[in-house]
Amino acid sequence: MHFSLKEYCPPDFAAEQFTNAPDAALTAAPADGVAPDNYHTTTIFPEYFKVEGTWILAQKSRMDCLAVFENGNIAVRELRHLKKGDLVFVGRDEDGSQGIYVHPHGFGNAPKINGDSFAFRQGRSRETAFSMDYDFLYEQLRYEKEHGHIVWVVGPACTFDTNSRDAFSRLCKNGYVHALLAGNALAVHDLEAAYKGSALGQDLYTQTAYPKGHYNHLDTINRVRQAGSIAAFIEQENIRDGIMHSCTAHNIPYVLTGSIRDDGPLPEVYGDVYVGQDAMREHIAQATTLICMATTLHSIAAGNITPSFHVMPDGKLRQVYFYVVDISEFAANKLGDRGSLLAKSIITNVQDFVTQTCKNLVP
């Protein structure tokens, strides 16, 4: 299977629908963090705004934000970042009639079922055949390694198995991970595995419980906090394996965002959820492929800030590919209910997924 990017087909702005459309209306924000009445919220799709007769693309868009006209461009801004006096686009019709046009089919329409209105097994479940998805993904990742930006959103299950932990580390070492987004737990249990040989006190391979093993992750956290950072801990303890070691050794940026249930946490973990969200956005804004594995809340968070397109340096638009991998159908398919309409779900054990992916990508 050969991977190739789909060509983006922009709207035909010479059509009467667009030439007769009025300029989009702008209203000043009445206060910091407050939008004017009838504000327009952005989607995951390319959106164009007509200003002084010209249709302008909001280049760095994302869902549930405000479009602001600033220095001749369209800035997309979260409500909390809005400043008094910002010129906010208003109007809730998205067909161009109010100078705002949302373009959902720029990369092609959803496939039809051979003209039939009814067919079996059109959803994504444990009974779905994923062979073609895997083959497509392998070819895609080979392409993205050289031409794109691959961001992984990873839950701690990936570290609870010797093979999957090693497999993801090898993906890091071989250029298939450009950024890692996770929570405190992923980093803690990966470092615990390197430091103590366990995850939550269990041997990674045999699952045998260590004596007083429930202390292991806390001892690890304490030692990292004493060292002052993950990188310092890795150096001081001569850590030579694992996901966090691979990220550190190969300068792969990571964002660890906190949870109310976190132990510790590790020094690098963002305790302020909004600061953590902004840090995630920086990497997702560069992403051309996102793979979310076994972390429902982080996957939904990532999905809510991921657009369906990315503007390349040459100004061309390309599709952003979004995968969510989980053994739970509910967790994997929940993103569609949260607005991430283009997320493709793969229902499987995440440890098997990572191991299989590595075997097909890394010699």
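The values are calculated or read from the model by the stated rules, or taken from the named source; none is laboratory data. The structure displayed is predicted, hence computed values, not measured ones. For neighbour counting, all protein chains shown are included, and Cβ atoms are generated from backbone atoms with ideal geometry for every residue, glycine included. These accessible areas exclude ligands, DNA and RNA; they are computed on the full protein's heavy atoms, side chains included. Shrake-Rupley method; radii C 1.70, N 1.55, O 1.52, S 1.80 Å.
Key figures for this structure:
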item	result
Some residue of segment 148-164 being part of a helix (DSSP H, G or I), modelled with pLDDT of 95 or more and open to solvent by 80 Å² or more (accessible area, probe 1.4 Å)	yes
Exclusive hit being closer than 25 Å to His147 by Cα and assigned to a helix (DSSP H, G or I), set Gly276, Gly303	Gly303
Any hit, segment 32-42, residues being free of Cβ contacts under 8 Å to residues at least 60 places away in the same chain, more than 30 Å from His283 (Cβ to Cβ) and among the aromatic types (Phe, Trp, Tyr)	no
Residue check for Val255: closer than 23 Å to Gly148 by Cβ and either over 16 Å from the mean Cα position of the chain (by Cα) or assigned to a strand (DSSP E or B) (or both)	yes
In segment 87-125, residue modelled with the lowest pLDDT [restricted to those that are of a type in the set (A, V, I, L, M, F, W, C) and under 20 Å from Ser61 (Cα atoms)]	Phe107
Residue list for segment 9-38, filter: assigned to a strand (DSSP E or B) and either over 14 Å from Gln98 (Cα atoms) or under 26 Å from the mean Cα position of the chain (by Cα) (or both)	Ala28, Ala31, Val34
Top-ranked residue in segment 190-209 [being touching a strand residue (DSSP E or B) at 6+ places or on another chain (Cβ under 6 Å) and within 9 Å of Phe160 (Cα to Cα); ranked as surrounded by the fewest Cβ atoms within 10 Å (Cβ to Cβ)]	Gln202
Some residue of segment 252-266 being at pLDDT 95 or above and open to solvent by 50 Å² or more (accessible area, probe 1.4 Å)	yes
Members of segment 284-323 that are over 16 Å from Val76 (Cα atoms), touching a His at 6+ places or on another chain (Cβ under 9 Å) and either open to solvent by 20 Å² or more (accessible area, probe 1.4 Å) or of a type in the set (Asp, Glu) (or both)	Leu317, Gln319
Filter pass, Asn216 being open to solvent by 20 Å² or more (accessible area, probe 1.4 Å) and not in a loop (DSSP other than H, G, I, E, B)	no
From the options Pro46, Pro22, Pro36, residue that is surrounded by fewer than 17 Cβ atoms within 10 Å (Cβ to Cβ) and at pLDDT 95 or above	Pro22
Filter pass, Phe136 being modelled with pLDDT under 95, among the aromatic types (Phe, Trp, Tyr) and under 21 Å from the mean Cα position of the chain (by Cα)	yes
